[in-house]
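What follows is one structure encoded as C-alpha cells, with my remarks underneath.
The values are calculated or read from the model by the stated rules, or taken from the named source; none is laboratory data. What you see is a predicted model; the values in this text were computed from it and never measured. We place every Cβ from the backbone using ideal geometry, glycine too, and count neighbours over all the protein chains shown. Please note that ligands, DNA and RNA were not included when accessible areas were found on the heavy atoms of the full protein model with its side chains. Shrake-Rupley method; radii C 1.70, N 1.55, O 1.52, S 1.80 Å.
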Amino acid sequence: MINTCIGISSGSFPELAATDLIKIVCKGDGNTVDLRYGKDHRWEDAGLKPFIDARIHISFIGISAILGDERWDTTALYQEAIAFSGYPLKVFAKKGCMNEKCRTLTKNQIQVLTEIAGASDHVLVETHDGFSAVEELLYLHEVTGAHILLDTLGFACLTRDPFSDIAKLAPLVRAVQVKGFDWTNPKKSLHVPLSGINLEYTVMILQHVLKPPCPITVETRAGSAIEDLSLLHSLCRISTLTN
C-alpha cells in the first residue's frame, strides 16, 4: 500500500462540474485533485465544498499570480488567493524574480501567500517553461521558504540534466503533476497518454519525490485520464519498491 494521494487535475476536465470530476477521480481509484482557479473550470461553480464533503484531498489550488511581476502586487495577490485560506497555493515565478530589482516584491508576495496558505511549504512554485529555472527556484526557496510543484512537462523544458536537477529539487517538492509528452522534444510535444511515452524519467522523478510521499496528479488533454491514473498507480508502486 502506497501512503500517498493520487488523482487528477481539473485541467484534464475543465468542462466538468465538481461532482462529475469527483466521480472520475473515484472511478480511477484516486483520492485527490489539483484545482486550477481563474481559467473558467466548472468546478468553480460549486467551489470546494463538494470535494470536502466527498473527502477528496486537495493537492493544491493553482492561481494565476506570478512572483516578481508588478501586476501582482500584494493587494492583487491577496484578493486572488484569500478565498482559499488554509490550502496549498500554486503560483508561477518570473525569470529574474530573485534579482535585485524584483527580490523585495517577491519576498513580500511570498509573505502574503504564506499567511493565507498557513505555511511556507504550502506555497508552491510551478516548474514551467519560460519561467524561473532550476537554480533560481533553489535560491527562491533558500531566501523565502517557498516550495515546488513539480510539473513534469515544465521540468523537462527547464532542465538540461534531469537526473542532477531532480536530485536538487526533490527535497523541496510538495506536489507533482504528471503529464504525457515526448521527453526528447518537450517544448513542441502535445499531450499524449502515459502509455505512449518513455516512462524512464517519470519513474526517476517518482523515485525521488516519494521519499516521503507527496500528492501526485495527472493532467492530460489526450482523453486518457482514467488510463493514465491506473498506470500512475502502478508506477508509484514500482517507484516505492525500487527506492
Out of all the residues in region 1-53, which are open to solvent by 20 Å² or more (accessible area, probe 1.4 Å), in contact with a Cys (Cβ under 8 Å, 6 or more places away or on another chain) and modelled with pLDDT of 95 or more?
ASN31
When the residues of region 147-170 are filtered to those that are over 15 Å from the mean Cα position of the chain (by Cα) and among the charged types (D, E, K, R), which remaining residue is least open to solvent (accessible area, probe 1.4 Å)?
ASP165
For region 102-112, state whether one or more residues are at pLDDT 95 or above, closer than 27 Å to HIS57 by Cβ and open to solvent by less than 10 Å² (accessible area, probe 1.4 Å).
yes
For the list (1) within 17 Å of the chain's Cα centre (by Cα); (2) surrounded by 14 or more Cβ atoms within 10 Å (Cβ to Cβ); (3) within 28 Å of ASP45 (Cα to Cα), I need the number of the one condition that GLU80 fails.
(1)
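Within the bounds of region 4-24, is there any residue that is part of a loop (DSSP other than H, G, I, E, B), charged (D, E, K, R) and farther than 18 Å from LEU231 by Cβ?
Within region 4-24, the subset part of a loop (DSSP other than H, G, I, E, B) is 4-5, 13-17.
Cutting the leftovers down to charged (D, E, K, R) gives us 15.
So of that shortlist, the ones also farther than 18 Å from LEU231 by Cβ come out as 15.
Taking every residue of region 4-24 in turn, at least one turns out to be part of a loop (DSSP other than H, G, I, E, B), charged (D, E, K, R) and farther than 18 Å from LEU231 by Cβ.
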Only one of ALA93, ALA76 is in contact (Cβ under 8 Å) with a residue 12 or more places away in the chain, within 30 Å of ARG221 (Cβ to Cβ) and of a type outside the set (Asp, Glu), namely ALA93
Could you give every pair whose Cβ atoms fall below 7 Å, whose first residue belongs to region 44-68 and is free of Cβ contacts under 8 Å to residues at least 12 places away in the same chain, and whose second residue is open to solvent by 20 Å² or more (accessible area, probe 1.4 Å), counting only separations of at least 6 or pairs across chains?
GLU44/TYR37
Condition check for VAL173: of a type in the set (A, V, I, L, M, F, W, C), farther than 23 Å from ILE61 by Cβ and open to solvent by less than 60 Å² (accessible area, probe 1.4 Å)
no
So which pairs qualify, if the first residue must be in region 181-203 and open to solvent by 30 Å² or more (accessible area, probe 1.4 Å), the second must be among the β-branched types (Val, Ile, Thr), the Cβ gap must be under 6 Å, and the two must be at least 6 apart or on different chains?
HIS191/THR220
Where residues in region 197-243 are assigned to a loop (DSSP other than H, G, I, E, B) and among the hydroxyl-bearing types (Ser, Thr, Tyr), which of them is nearest to GLY28 (Cα to Cα)?
SER224
Region 122-136, residues that are buried (at least 18 other Cβ atoms within 10 Å of the Cβ) and farther than 16 Å from ALA65 by Cα
VAL134, GLU136
Listing of helices (runs of 4 or more DSSP H) fully contained in region 37-152 that carry 2 or more residues being over 17 Å from SER10 (Cβ atoms)
74-81, 103-117, 134-144
Would you confirm, using the coordinates I've provided, whether LEU210 is out of contact with any His (no Cβ under 8 Å at 6 or more places or on another chain) and either free of Cβ contacts under 8 Å to residues at least 40 places away in the same chain or open to solvent by less than 10 Å² (accessible area, probe 1.4 Å) (or both)?
no
